[in-house]
Amino acid sequence: MIALLLRDLRLATRAGGGFGLGLAFFLIVTVLVPFGVGPEGGTLARIAPGILWVGALLASLLSLDRIFALDHEDGSLDLLATAPIPLESVVAVKALAHWLTTGLPLTLAAPMLAVLLNLPGPGFFWLTVSLALGTPALSYIGAFGAALTVGLKRGGLLMSLLVLPLYIPTLIYGADCARRGAAALAAGTPLLMLVAITLGAVAILPFAAAAAIRVNLR
Amino acid sequence: MMLELVDISVARGGVPVLEGVTLTLGAGRALIIRGPNGAGKTTMLRTIAGLQPPVSGRIVLPPEGAAYAAHADGLKATLTVAENLRFWADIFGAGDIGPALAAMALAPLRDRMAQNLSAGQKRRLGLARLLVAQRRLWLLDEPTVSLDAASVALFLQVLSGHLQQGGAALIATHISLGLREAEEIDLGAFRATAPRAGAFDGAFA
């Protein structure tokens, strides 16, 4: 299992692994928004939490179809399905690897990029906390979507359409937590809801995704 | 006994391809599966490997007994030969990968990226995975594709070693392997009868 995690991390950081892809996309979005919206600090400060959360969500979506599609193409997924480790833990580990290569770097980069969007001082802490606790849900929900479309050629479009509605609760509570934090209001309730979504996704979706993969491998 | 199939039927994409396949395979034996393209050789091997359920019938196989080698070798282009094999050894709980590399003559290539291997070398690496998988029954789908004569001889040597240690193998292939321990089975005899023309309308009649 650790071997699988290390392999996925190693593949992501080697040439063509797509490690920097999400991060670069996140950077582009947050750099371009101030040019598009205009330089007034008040407007930017108001939309900053939402923009940062939407940016992180889309950046995480960008590399989702790599989770299983590449392994399916080269036959590794067949072999993993017949290996002595359960497919559920294969899914959980691969989603974790996806989070470590997209969600975690996005979380670490967000405070720096928030400066560009004039995020108010108290918001930095809540933005980072909400992303750190919310992005794992994005990876696990995404792994489920990727598992549903694993056998399809160019399944990325269908997967995005399947996954986006499932992302909405995470986005609402995550952005709300960051927004209330930035406005110096109590942000505990949306944070708890966000954590609940993440824990639920981590606990349940590997089983659903493994079932979907079994059907798709037939 | 390594494997017993009792009257199994298999389907591919909802179309039945084989029915009534019954066979047993004992330790130290190999069974060569013959049949024209599309006869259902791969579908049968995937069914035995547990990747798809049989339509009917029973498969008796010790749990975690089979290692499957498909057309695709499951290699990652940006990992080296040793890293690829090390990964599968870790997944299957094997120790040293040195003997497997040596057996398939891959030791000189161990630090080469898999993307820089020739097709035959990739296949050899895919077959080396069987040695680290430590399963007694090997399900091999055209194992000799893109191998040269010397590599086929190397593979036969490895396979004979496996059979002598009490392993077994089910091999779908078109070439003659010349294995003493091998019997042959032709899947043509088990071809599923095509659905009657107009059978679709039966439900509406």
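Assorted remarks:
- Complex-versus-alone comparison for segment B:103-140, residues with a loss of 30 Å² or more in accessible area, probe 1.4 Å: B:135
- Chains B and A together bury roughly 2100 Å² of accessible area, counting both sides, with a 1.4 Å probe on protein heavy atoms only.
- Working note: Debye formula, equal point scatterers on the alpha-carbon atoms of chain A, no solvent; log10 I(q)/I(0) at q = 0.16, 0.17 Å⁻¹ is -1.01, -1.11.
- Contact with the other protein chains removes 40 Å² or more of accessible area, compared with the isolated chain and a 1.4 Å probe, from these residues of segment A:12-49: A:14.
- Solvent-accessible surface (1.4 angstrom probe) belonging to residue B:174, in square angstrom, nearest 10: 100
- Accessible area (Å², 1.4 Å probe, nearest 10) - residue A:173: 70
- Accessible area in square angstrom per residue, segment A:41-217, 1.4 angstrom probe: 39
- Mean ellipticity per residue at 222 nm, deg cm²/dmol - from DSSP H runs of n ≥ 4 across the protein assembly as shown, formula -39500 (n - 2.57): -18000 deg cm²/dmol
- Global geometry of segment A:62-166, whether rounded, prolate or oblate, following the gyration tensor of its Cα atoms and the 1.5 cut on a/c: prolate
- Cα centroid separation, segment A:4-70 to segment B:123-185 (Å): 47
- Complex-versus-alone comparison for segment B:63-97, residues with a loss of 30 Å² or more in accessible area, probe 1.4 Å: B:64, B:68, B:72, B:74, B:76, B:78, B:79, B:83, B:87, B:88, B:91, B:92
The values are calculated or read from the model by the stated rules, or taken from the named source; none is laboratory data. Model, not experiment: these values are computed from the prediction. What goes into the accessible areas is simple: the full protein's heavy atoms, side chains included, and nothing from ligands, DNA or RNA. Shrake-Rupley method; radii C 1.70, N 1.55, O 1.52, S 1.80 Å.
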